[in-house]
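Everything on this sheet refers to the single structure shown next.
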Amino acid sequence: MPQAIAIFGFLGAWLLVAGPLFQAYLELREQEVDREGWAKVDKSTPKPDGFSAWWWLLPPVAWLKQQARNRAHQRSVMKALDPQTTEQAVAFFNKANGWFIVAGGASLLGVKETWELVEAWEWPVWIFWVLVVVCPILCVVNLSLRAVQSERMLGHEKPSDRHRGRTA
């Protein structure tokens, strides 16, 4: 019986990863965002000056410099956006971050439950590592397949796909 419970815990934990990923896709797809306006402002906003590649000899320093550069660009883009687009962008990023946190927490539970499964069945440790790599990949593949299926059912597939006979 403990082995069966370990299997249920393992499956349940990884379903808790797949569920938020799919829910994030659904909610973020419905989120109203002026993507064209955002892209136009992003292209027209000057990029901050780069820094010497020599900084990569000290990776933590280079990473910090890159982060500061990215934040400066993000601030200039946000200042250039109109208030409505800024509000939409902030709402989108907040919702995305929320779902990322939920899926991240579920992933940690998935790792724990995977370890419990490997211990309950007395499998070698390498199986744990294989499962910890494969399970998140399967969650993303599930999301991708469901997203493609949803788009096809709604008739949103690309026109080039229709010409190749790939309609639903």
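The values are calculated or read from the model by the stated rules, or taken from the named source; none is laboratory data. Because the structure is predicted, anything quoted here is derived from the model rather than measured. Don't worry about glycine lacking a Cβ; one is built from the backbone with ideal geometry, like all the others, and counts go over all protein chains shown. Please note that ligands, DNA and RNA were not included when accessible areas were found on the heavy atoms of the full protein model with its side chains. Shrake-Rupley method; radii C 1.70, N 1.55, O 1.52, S 1.80 Å.
For the reader, a short list of remarks on this structure follows.
- Condition check for residue 15: within 22 Å of the chain's Cα centre (by Cα), of a type outside the set (Ser, Thr, Tyr), exposed (fewer than 15 other Cβ atoms within 10 Å of the Cβ) and under 30 Å from residue 133 (Cβ atoms): yes
- When 113, 119 are checked against the criterion of being part of a helix (DSSP H, G or I), closer than 12 Å to residue 16 by Cα and more than 21 Å from the chain's Cα centre (by Cα), 113 stands alone in meeting it.
- Extreme residue, least open to solvent (accessible area, probe 1.4 Å), among residues of the stretch 34-79 that are of a type in the set (A, V, I, L, M) and more than 20 Å from residue 90 (Cβ to Cβ): 62
- Residue check, residue 22 assigned to a loop (DSSP other than H, G, I, E, B), touching a helix residue (DSSP H, G or I) at 6+ places or on another chain (Cβ under 7 Å) and surrounded by 11 or more Cβ atoms within 10 Å (Cβ to Cβ): no
- Hits in the stretch 85-135 - residues which are open to solvent by 40 Å² or more (accessible area, probe 1.4 Å), closer than 19 Å to residue 33 by Cα and either without any contact (Cβ under 8 Å) to a residue 24 or more places away in the chain or not hydrophobic (A, V, I, L, M, F, W, C) (or both): 87, 90, 93, 94, 95, 97
- The listed residue being touching a helix residue (DSSP H, G or I) at 6+ places or on another chain (Cβ under 7 Å) and modelled with pLDDT of 90 or more, out of 68, 89, 62: 62
- Those residues of the stretch 30-53 which are within 19 Å of residue 71 (Cα to Cα) and assigned to a loop (DSSP other than H, G, I, E, B), in sequence order: 45, 46, 47, 48, 49, 50, 51, 52
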